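Below: the structure, in structure tokens.
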Amino acid sequence: MSRPRCFLALLLLTGFAALCPAQQKMYEIHRAAGPITIDGKLDEASWRSAASVGDFGFPWLESGEKEQTVAKLLWDDENLYVSWHAHDRHISASVTQRHGPVSKDDCVEIFLSPNPAKATNYYTFEINAIGTMLNRARTDWWSGPPTWEPEGVRYRTTFHGMPRKDESPRDTHWIVEAAIPLKNFARDAAHTPPREGDEWRLNLQRLGGITNAQASTWSPLPAGVRTFHTPEAFGLVRFVKRPAAVR
């Protein structure tokens, strides 16, 4: 998409003026072809067939190796499914408290805005390598505490439930797999479940680490921005009813 068209589309979608990154991302979320077991293995045919969202960028990297993350999305009538396969030679996580500061650990994130016309209404799901989750709802209807309790989220990590994961010379990667019930977004989404062609805004990120600290994001941030909480930079996703073609 050209920069002028991207800028115009963003104005129409969000209802407020904002700079559109030159490479704002787009992705089609295909319907899962069968049941998804949330076990952190990603061995179902639907996951194997789904395309990656593409490479993450490293907006604030000053030194160290750029370790990529392979993220994918699927959906069915009940859930949005998201997976992250994080290439990582130095895995560390110790936060076990619900809604704790998981960004200090190796962690992954998804920020979801179910109404493209109101991108500033968004929800966060942040999960560290040992399975601790932090959630926030930044919306015009939520009047509760800074954190938020979504209903029915199921997720699993490679090191799920370990009291502490220290770096190991055998570290190569870790996985997070999650099923997020679509009913959590009924206040904002046009339809739950989505219909063919429905569009949402979202971004996927990765943070943390000690030896080789990570800060990477799927949809790029505008120059000078120092936070992932930038809904005007979220990418655009479109729901597709047909399962992804077998690869």
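Derivation of every value follows stated rules applied to the coordinates shown; laboratory data play no part. What you are looking at is a predicted structure, and each value in this text was computed from that prediction instead of being measured. All Cβ positions, glycine included, derive from the backbone under ideal geometry; neighbour counts span all protein chains shown.
A few points about this structure:
- Residue by residue, segment 51-64 carries 3J(HN,Hα) couplings of 7, 5, 5, x, 4, 8, x, 10, x, 10, 5, 10, 7, x Hz when phi is fed to the Karplus relation 6.51 cos²θ - 1.76 cosθ + 1.60 (θ = phi - 60°); x denotes Gly or Pro.
- Scoring 148-154, 69-75 by mean Cβ neighbours within 10 Å over their residues and listing the highest first yields 69-75, 148-154.
- Sparse-neighbourhood loop sites, GluC sites (Glu not before Pro) in segment 160-247 - DSSP loop, at most 12 other Cβ within 10 angstrom: Glu196
- Listed values for segment 92-108 are Karplus-derived 3J(HN,Hα) couplings in whole Hz (6.51 cos²θ - 1.76 cosθ + 1.60, θ = phi - 60°), namely 8, 7, 9, 6, 10, 6, 3, 6, x, x, 5, 5, 6, 9, 5, 8, 10, and x replaces Gly and Pro.
- Among Ala179, Ala215, Pro35 - extreme Cα towards positive end, dipole of segment 24-240, charges at beta-carbon: Ala215
- The simple Förster model, with R0 at 25 Å and r as the Cβ-Cβ distance, assigns Thr96 and Thr37 a FRET efficiency of 0.55.
- Order of Thr96, Thr147 under a 10 Å beta carbon neighbour criterion, fewest first: Thr147, Thr96
- Look at Asp43, Asp166, Asp171 and count the other Cβ atoms within 10 Å of each Cβ; fewest to most, that gives Asp43, Asp166, Asp171.
- Phi-based couplings in Hz for segment 120-132 (Karplus 6.51, -1.76, 1.60; Gly and Pro marked x): 6, 8, 9, 10, 10, 10, 10, 10, 8, 5, 9, x, 8
- Here the chain is treated with +1 on each Lys and Arg Cβ and -1 on each Asp and Glu Cβ, and its dipole about the Cα centre works out to around 380 debye.
- Taking only Cα atoms of the chain, radius of gyration then Dmax in Å: 17.2, 50
- With contacts taken as Cα pairs under 8 Å and at least 6 residues apart, segment 24-240 reaches a relative contact order of 30 percent.
- In nm, spacing of pseudo-spin labels at Val225 and Asp77 (7 Å Cα→C-beta vector): 3.7
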